[in-house]
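J.: Mind looking over this structure? Questions follow.
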Amino acid sequence: MPQPLMELFPTTLRLVLERIPAFARESLEEIRIRENRALEISYGSTYSFVREDGTLTEHYKEAFVASQEQCRALLERVTNHSIYAVEEELRRGYVTVPGGHRIGLAGRTILDKGIVSHLRDIAGFNVRIARARIGFGSEVLPGLLDFKARTIRHTLIVSPPQQGKTTLIRDLARCLSSGEWHHPAARDWGSRKVGIVDERSEIAASERGVPTFDLGPRSDVLDACPKAEGIMMMLRSLSPEVIVADEIGRPEDAEAIYEAIHAGVRVLATAHATNLSDVLARPVLAKLAEDGVFDCYVFLSRAGKKVEHRIVTAEEAMHEKSRRYSRTIGATPRDAPSPIHPKLPITSAVAPTPTQVTVKARQMPVIRSPNGDGLRGFEDA
Amino acid sequence: MLKFAGIILVLFAGTMIGFLQAARFAARPRQIRGLLHALQRLETEISYGQTHLPEALMRISGMVPYPLSDLFANISKSLMKDSAESGETVRECWERAINAHWPETAMKKGEKEAMLRLGSTLGRSGREDQLKHIRLTTLQLQVEESAARDDQNRYEKLSRSLGMLGAALVVILII
């Protein structure tokens, strides 16, 4: 576990965490601190509670319990004693600390005109430990290359939380900007200018604008910038060849991505979803997928300590999609008995978003019939 | 001869005590003013700069005069380094520093309490709330400042002459 991270914890908590066994410390992923409840850690895709002397236990009743005072001190320390300076982050429910570690917060939300304006009485912390895994990208990158354009294809990395999306995208960005393509045919391609829009400060973990993770020599980072605006800013002035963005999902993100792909820039993005049908069930992602924005999808899944990846090209994805649509609920008669929650408006999950995204459809190649009739007919029309 | 030297010594000591007392009366409103300036600066740092508290306090310590500059520098340092003995929350650091530095200043209990109250809320809430607390403390300090000025007008000259006259009285009594 990195030392700067430990300095965030109040002394009493730190003494407990420093004594957890080495095997757990090596593969530590999350530390979960909940006020007046058991201290939990998760490591190597399993979890344990921690006793006061640092040993691990399965039973939460024996575990160390964090007091209110300790939680207050922890909150002060992760916000650098300045909650007023991280109000925007609190509204989104997390704080990023030096080193790129993200701390998710749970508490009571304060609403202002129906929108979350603040989080107070914070009593739950989820400390997610960020790790650079150099070499992860080298396994995936060869499958993503576009040999005609001598660069990377538009790629969406998909996985549920905690499977290493951010770690992968970080290493891919490093590979691209340092020209390590890991493919024999790509040896003389050179490197690419990479623009990283790092809304959550997780990819680069910038400190005063300088990335603390290794992102290669030719990368520019817009730290803490909203993705949609950041992509536009990148296009306007930083002339990137590849744009990297984490966790897209809002309509304005999609709009910015359309701008980017039509500006001759390659897009590398991540999204939360388990599999392809999840991607197609999320309104914004479904729209992007239908328009064929992404040339390939990388699905991450995890078995034990090892992260498996599967690369699916857009054609395969569309094929899978058509199979899926043949059994959608929308295709059955309206009065047909539905096995699950008949009263819920299930179709709303795939309904288009209120903000309509207007995009030019991609031009399709004209289909020529053998005697040239097709082309002439097209011109007459 | 020895007697004469003693008389001089007593007179000198009495006068000095009087002058010191007068200087404290004169210094109190000045230092409160210094605190008010510091709070005004803090307000700016919080509302416009969104500077983090340790850094804001360090900047403030650079612009206020001596006893206060030490106070703010001390708080800022104990917030930046991590040590259990100097306290882990703003409130602990703040209280410890104020208790340690207050005897160096000419300020009294009223100001101290206002500052301690501010310390227990600083850094713990959103921007609007912070500004409200700072303004409240400013108001309290302003009241204390006008009281301190009254005291200065009334007692500064008085304590100066009282010191010398008291010494003279002692001399007369001894002789």
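All of the numbers you see were taken from the coordinates with simple rules; none came from a lab. None of these values were measured; they are calculated from a predicted model. No Cβ is skipped: glycine too gets one built from the backbone with ideal geometry, and neighbour counts run over all protein chains shown.
J.: Cα convex hull of segment B:2-174: mean projected area in nm², to one decimal?
T.: Its average projected convex-hull area is 12.2 nm².
J.: Okay, next question. Please state the charge dipole magnitude for chain B, taken about the Cα centre, from unit charges on C-beta atoms (+1 on K and R, -1 on D and E), reported in debye and rounded to the nearest 20.
T.: Dipole magnitude for chain B comes out near 560 debye.
J.: Please report the relative contact order for chain B, taking Cα pairs under 8 Å with a sequence separation of at least 6, and give it as a percent rounded to a whole number.
T.: Relative contact order comes out at 39 percent.
J.: Tell me, what is the percent relative contact order of segment A:150-255, built from C-alpha pairs under 8 Å that lie six or more residues apart?
T.: Computed over segment A:150-255, the figure is 28 percent.
J.: Let me ask something additional. For segment A:96-219, rounded, prolate or oblate, judged on the Cα gyration tensor with a ≥ b ≥ c (square roots of eigenvalues), a/c < 1.5 rounded, else prolate if a/b > b/c?
T.: prolate
J.: Shielding by partners for A:82-91, please: the mean number of other protein chain Cβ atoms within 10 Å of each residue's Cβ.
T.: 6
J.: Roughly how tilted is helix B:90-101, in degrees to the nearest 10 and between 0 and 90, from the longest Cα axis of chain B?
T.: 10
J.: Going Cα to Cα from B:Lys112, which aspartates and glutamates come in below 13 Å? Please leave out same-chain ones fewer than 8 positions away.
T.: Those aspartates and glutamates meeting the cut-off are B:Glu95, B:Glu104, B:Glu144, B:Glu145.
J.: Still on this structure, please answer the following. Which FRET efficiency value, to the nearest 0.05, is calculated for B:Ala5 and B:Leu165 with the Förster distance at 22 angstrom and r the Cβ-Cβ distance?
T.: That pair, B:Ala5 with B:Leu165, gives E of 0.60.
J.: In addition: In the structure shown, do any of B:Lys108/B:Lys132; B:Lys3/B:Lys108; A:Lys148/A:Lys287; A:Lys61/B:Lys81; B:Lys132/B:Lys157 have a Cα-Cα gap over 28 Å, and if so which?
T.: B:Lys3/B:Lys108; A:Lys61/B:Lys81; B:Lys132/B:Lys157
J.: Which distance in nm do the two modelled labels at A:Arg14 and A:Arg37 give, with both placed 7 Å along the Cα-to-Cβ direction?
T.: Placing both labels 7 Å along Cα→Cβ, they lie 2.6 nm apart.
J.: Okay, next question. As an exercise, use a Förster radius of 25 Å and the Cβ-Cβ distance of B:Phe12 and B:Lys109 to find the FRET efficiency, rounded to the nearest 0.05.
T.: Using R0 = 25 Å, I get an efficiency of 0.20.
J.: Going by how many other beta carbons lie within 10 Å of each one, how would you line up B:Ser61, A:Ser277, A:Ser237, fewest first?
T.: Starting with the residue having the fewest Cβ neighbours, the order is A:Ser237, A:Ser277, B:Ser61.
J.: Among B:Ser146, B:His52, B:Met63, whose Cα sits farthest toward the positive end of the charge dipole of segment B:2-174 (+1 at Cβ of Lys/Arg, -1 at Cβ of Asp/Glu, about the Cα centre)?
T.: Working it through, the farthest residue towards the positive pole turns out to be B:Ser146.
J.: Additional query: Per-residue mean of other chain beta-carbon atoms within 10 angstrom of the beta-carbon, peptide A:207-220?
T.: Average per residue, whole number: 0.
J.: Which of A:His319, A:His101 has the fewest other C-beta atoms within 10 Å, and how do the rest follow up to the most?
T.: A:His319, A:His101
J.: Now, a different point. List the GluC sites (Glu not before Pro) within segment A:20-104 that fall in a DSSP loop (any state other than H, G, I, E or B) and whose Cβ has at most 15 other Cβ atoms within 10 Å.
T.: Filter output for segment A:20-104: A:Glu52, A:Glu58.
J.: Given a Förster distance of 41 Å, report the FRET efficiency between A:Ala22 and A:Thr313 from their Cβ-Cβ distance, rounded to the nearest 0.05.
T.: The computed FRET efficiency comes out at 0.45.
J.: Next question. Which value in deg cm²/dmol, rounded to the nearest 500, describes the helix-derived mean residue ellipticity at 222 nm for the protein assembly as shown, given -39,500 (n - 2.57) per DSSP H run of n ≥ 4 and division by the residue count?
T.: Calculated mean residue ellipticity at 222 nm is -14000 deg cm²/dmol.
J.: Can you put A:Thr155, A:Thr11, A:Thr212, A:Thr270 in order of Cβ neighbours within 10 angstrom, beginning with the fewest?
T.: A:Thr11, A:Thr212, A:Thr270, A:Thr155
J.: From the alpha carbon gyration tensor of segment A:38-154, can you work out the equivalent ellipsoid semi-axes (sqrt of 5 times each eigenvalue) and give them in Å, largest to smallest?
T.: Value: 34, 25, 13 Å, ordered largest first.
J.: Within a 10 angstrom radius of each residue's Cβ in B:117-125, how many Cβ atoms of other chains show up on average? Whole number is fine.
T.: Taking all residues of B:117-125 together, the mean is 3.
J.: Where does the charge balance sit around A:His101 when Lys and Arg score +1, Asp and Glu -1, over other residues with C-beta under 9 Å from its C-beta?
T.: Value of the local net charge: +1.
J.: I've got another one for you. What trypsin sites (Lys or Arg not before Pro) does segment B:100-157 have in DSSP loop regions with at most 16 other beta carbons within 10 Å?
T.: Sites meeting the loop and neighbour criteria: B:Lys108.
J.: Among the GluC sites (Glu not before Pro) in segment B:4-88, which ones are in a DSSP loop with at most 12 other Cβ atoms within 10 Å of the Cβ? Mind listing them?
T.: Those satisfying the criteria are B:Glu85.
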